[in-house]
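Here is the structure we will look at.
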Amino acid sequence: MKQFKLFTTASVYTLTFIACLTACTYRKTDPVVPTCDVSFPSTFSQKVAPVIQTNCAGCHNNANRSGNISLEGYDNIKLAAASGKLLGTINHAPGFAPMPQGGNKLDPCIILNIKRWIDDGSLNN
Ligand code: HEC
C-alpha cells in the first residue's frame, strides 16, 4: 500500500510536469487566427502605428505618459516592443497591466500582426 501511494504521488508529479511542459511549449507557438491574413509582411506604418494611434496614444504620448510610457512615434513604440511590455500588455499576460486600460482587448488578428512585426525585427517600415 505504501509503495502504491509512492507510485501514485510520483505519477501525479510526472503528469503535472508533462502538462506544464506541454503548456509552455504551446504558448510559444503563434496563435492560429482563422480570419487573419498573414500572407503579407506586417509593417509598422500599416499594422502597428494606426492601432497605437487609435487605442493607446491618448494615454501614452510625450505629454501624457501613463505608466511612464510614451507610445508616440516609432522610437518609443520600438522601445516598448523590445522590453516585452507592448505584447505583454495587449495580450493581457500575467505580470502586465492589461491594455488598453478600461477598454476591450484588441482583436486577435491585430495582436498577431503586432507580434509578427516584432518578430520581423520591429522595423520602421
Ligand atoms: C485610458 C488610458 C489608457 C489607454 C487607452 C491605454 N493605457 Fe496603457 N497604461 C495606462 C495607465 C494608467 C498605465 C499604468 C497602469 C499600471 O501600471 O497599473 C498604463 C501602463 C501601460 C504600460 C506599462 C505597463 C507595465 O507593465 O509596465 C504599457 C506598456 C502600456 N500601458 C501600453 C498600452 C498600450 C499598448 C495601449 C493600447 C493598446 C494602452 N496602453 C492603452 C493607461 C492607458
Place a label point 7 angstrom from the Cα of N68 along the Cα-to-Cβ direction, then list the residues of segment 85-101 whose backbone nitrogen is under 20 Å away. 85-90, 95-99, 101
Rg(Cα)/(2.2 N^0.38 Å) for segment 44-119, N = residue count: 0.97
Along segment 112-118, Karplus-curve 3J(HN,Hα) (6.51, -1.76, 1.60; θ = phi - 60°) to the nearest Hz, with x for Gly and Pro, reads 4, 5, 5, 4, 5, 4, 5
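Here, each number is a calculation from the coordinates, and none is a lab measurement. Please read all numbers here as calculations on a predicted model, not as lab measurements. Virtual Cβ from ideal backbone geometry, glycine too; neighbours counted across all protein chains shown.
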